[in-house]
Amino acid sequence: MSVRLELLKERDEEQFIKDNQYAFKYGAEQYFSQSEMEEQFEEEGEIISRETILNSIHHKGKIAYRILDDEKPVGGIIISIDNNQGDLEIFFVNPSCHSKGIGQAAWKEIERIHNNIKVWETVTPCFEKRNIHFYVNKLGFHIVAYYNEHYSEPNVPEDIWEMFKFQKVIK
């Protein structure tokens, strides 16, 4: 395994979007029935919309990376940085590559490249048990908030799933 990160190039955006949508849909399919899936779609047939991904890629201050394993694209990461605070916006690994250490190796690269960041934060839907395990048990994040109908994040639409907020303090 030879995992590295590469800044996302414009010519790779379309495949990045498709790969991201596939990975997110795969995760939801592990939890929701077919009829429940349709309620989760941001756009027809997709858990995460093309517009959401494009906004993350092109929004000022965001940095998008492709995850490469042996020079083949296997995932992606989008982060934003504000001084010494990092926000993990999107992180996905192709489901065929799960449980091979690729995500963990990619995250180590993020921390190495952005070694000035003292606090990282991210959120994930409560149904994403693989993500919760990954962030807490593999990457060392801690759950710091539970967003739901009684306690919401100001930047998250009210109709979105219940979510956990994670934080990792770098010592």
State all residues of segment 61-93 that are surrounded by fewer than 20 Cβ atoms within 10 Å (Cβ to Cβ) and either farther than 21 Å from K165 by Cβ or among the hydrophobic types (A, V, I, L, M, F, W, C) (or both); if no residue qualifies, say none.
I63, L68, D70, E71, K72, P73, I81
Output the number of the condition that I132 fails; it satisfies all remaining conditions of (1) part of a strand (DSSP E or B); (2) crowded, with 16+ Cβ neighbours inside 10 Å; (3) of a type in the set (A, V, I, L, M, F, W, C).
(1)
When you scan segment 1-110 for helices (runs of 4 or more DSSP H) that lie fully inside it, which ones turn up with 2 or more residues that are of a type in the set (A, V, I, L, M), modelled with pLDDT under 95 and out of contact with any Cys (no Cβ under 8 Å at 6 or more places or on another chain)?
13-29, 50-58
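The values are calculated or read from the model by the stated rules, or taken from the named source; none is laboratory data. Owing to the predicted nature of the structure, the values given are computational and were not obtained by experimental measurement. A quick note on method: Cβ atoms are made from the backbone with ideal geometry, for glycine too, and the neighbour counts reach across all protein chains shown.
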